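For reference, the structure discussed in these notes is given below.
The values are calculated or read from the model by the stated rules, or taken from the named source; none is laboratory data. What you are looking at is a predicted structure, and each value in this text was computed from that prediction instead of being measured. All Cβ positions, glycine included, derive from the backbone under ideal geometry; neighbour counts span all protein chains shown.
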Amino acid sequence: MSSYLDPLSSTAVLVDNAGINLEVHDFGPKSGELVILLHGFPECWAAWRHQITPLATAGYRVLVPNLRGYGKGDKPAKLIDYRIDQLATDIDALLAFAGQQKCHLVGHDWGGGIAWWYGIHSSDKLHSLSILNAPHPLAFLEVLKKNPLQWLKSWYIFFFQLPWLPEKLISLFNFKRLRDTLTKTSNEGSYDQRDIDMLTHTWSQPGCTKAMLNYYRCMLRDIQQPQAPAMVSAPSQLLWGEQDLALSLPMAELSVNYLANGKLERFPDASHWLNHDKPEAITAKLLRFFDQHSSS
């Protein structure tokens with residue numbers, strides 16, 4: 001079912017959101033029900049290369065943006081532009097671009113964090129919500145408060161608060177630290193040379209590494225918490241690779257409590273990079289869930 005899309009063969013459009021341009025890749029029939037796929041750190045839109053073609057072939061219109069600040073999109077200089085409530089407005093811009101009122105929203109890692117926020121505040125605009133290895137914000141804080149081990153796992157968040165040094169270190173030796181993060185913490189063979197080439201090209205865009213790190217800087221300096229009960233009412237599925245070295249399984253188990261109409265599915269032999277480790281299984285899960293909750 002998985003069909004590899006060559007990212008270098010895809011062209012993008014720029015979508016404006018209040019003066020901030022997003023680089024967006026558009027697939028499938030324009031009349032199809034809308035799917036939006038949000039990648040995480042430190043990836044790019046091509047993180048969904050295995051899922052895009054099957055979803056488009058099934059008749060869905062698939063919008064795959066580079067998140068704000070990534071790739072060739074605009075890279076706002078102000079930290080306030082990376083607040084989670086501001087990032088969520090990019091989804092509304094994509095809906096307007098597609099001329100649709102609702103979408104199936106999918107997010108991984110930081111894209112999952114944005115998807116959680118959108119689901120909490122705008123479930124009425126969702127046919128369905130699918131999140132891969134990203135916890136509900138309140139579940140993340142609860143585990144962080146109670147589990148010292150999670151503080152150690154989250155060390156990088158605090159390191160990224162430093163000025164200029166993180167950008168310098170991650171760019172050394174052609175972004176070796178980022179490349180190693182992906183290839184050494186995922187299942188063997190999940191990333192091939194095409195993936196690495198695409199990502200290296202993305203990271204090399206002027207200002208990209210700073211923009212990527214600004215997500216984390218804004219996260220701690222301007223903490224945004226949803227108001228209790230912070231529930232998601234849209235049909236939802238939380239897909240979780242249990243071998244995640246950064247985010248613990250209790251986060252997933254607590255997160256599902258915030259889904260009024262949702263479920264948790266665990267993948268014991270998959271890592272944080274779930275859509276790479278289990279491309280065919282994730283594609284099948286998404287297609288089945290979209291079909292179950294299609295407006296047609």
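Please verify whether residue 29 is within 14 Å of residue 286 (Cβ to Cβ) and either surrounded by fewer than 19 Cβ atoms within 10 Å (Cβ to Cβ) or touching a helix residue (DSSP H, G or I) at 6+ places or on another chain (Cβ under 7 Å) (or both), treating the condition exactly as stated. No: the conditions fail for residue 29.
Select from segment 266-290 the residues that are of a type outside the set (A, V, I, L, M), free of Cβ contacts under 8 Å to residues at least 40 places away in the same chain and surrounded by 15 or more Cβ atoms within 10 Å (Cβ to Cβ) and write down the one among them that is farthest from residue 228 (Cα to Cα).
Among them, the one singled out is 278.
Residues of segment 23-52 being closer than 16 Å to residue 87 by Cβ, touching a residue at least 40 places away in the same chain (Cβ under 8 Å) and either out of contact with any Phe, Trp or Tyr (no Cβ under 9 Å at 6 or more places or on another chain) or in a helix (DSSP H, G or I) (or both), which ones? Within segment 23-52, 36 is the sole residue that qualifies. The numbered conditions (1) out of contact with any Lys or Arg (no Cβ under 7 Å at 6 or more places or on another chain); (2) under 18 Å from residue 117 (Cα atoms) are all true for residue 87 except (1). Just one of the listed residues (131, 114) is over 23 Å from residue 30 (Cβ atoms) and in a strand (DSSP E or B), namely 131. Looking at (1) under 17 Å from residue 141 (Cβ atoms); (2) crowded, with 17+ Cβ neighbours inside 10 Å, which one does residue 262 not meet, given that it meets all the others? For residue 262, the exception is condition (1). When the test is whether a residue is without any contact (Cβ under 8 Å) to a residue 60 or more places away in the chain, under 19 Å from the mean Cα position of the chain (by Cα) and either surrounded by 15 or more Cβ atoms within 10 Å (Cβ to Cβ) or at positive phi (or both), residue 175 does not pass it.
Screening segment 187-204 for residues that are part of a loop (DSSP other than H, G, I, E, B) and in contact (Cβ under 8 Å) with a residue 60 or more places away in the chain and picking the one that is nearest to residue 174 (Cα to Cα) gives 191.
Listed here are the residues, each with its yes/no results for (1) crowded, with 20+ Cβ neighbours inside 10 Å; (2) touching a strand residue (DSSP E or B) at 6+ places or on another chain (Cβ under 6 Å); (3) free of Cβ contacts under 8 Å to residues at least 60 places away in the same chain; (4) among the charged types (D, E, K, R).
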position	(1), (2), (3), (4)
99	no, no, yes, no
104	yes, yes, no, no
112	yes, yes, no, no
126	yes, yes, no, no
137	yes, no, no, no
141	no, no, no, no
159	no, no, yes, no
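The residue that is nearest to residue 112 (Cα to Cα), counting only those in segment 11-22 that are part of a strand (DSSP E or B) and not β-branched (Val, Ile, Thr), is 22.
Evaluate the following for residue 55: is it crowded, with 21+ Cβ neighbours inside 10 Å, touching a residue at least 12 places away in the same chain (Cβ under 8 Å) and not in a loop (DSSP other than H, G, I, E, B)? So residue 55 fits the description; yes. Per this entry, residue 80 is counted among residues that are surrounded by fewer than 19 Cβ atoms within 10 Å (Cβ to Cβ) and either β-branched (Val, Ile, Thr) or under 27 Å from residue 136 (Cβ atoms) (or both).
When the residues of segment 222-236 are filtered to those that are in a loop (DSSP other than H, G, I, E, B) and polar (S, T, N, Q), which remaining residue is modelled with the lowest pLDDT?
Step by step, filter segment 222-236, then rank; the result is 224.
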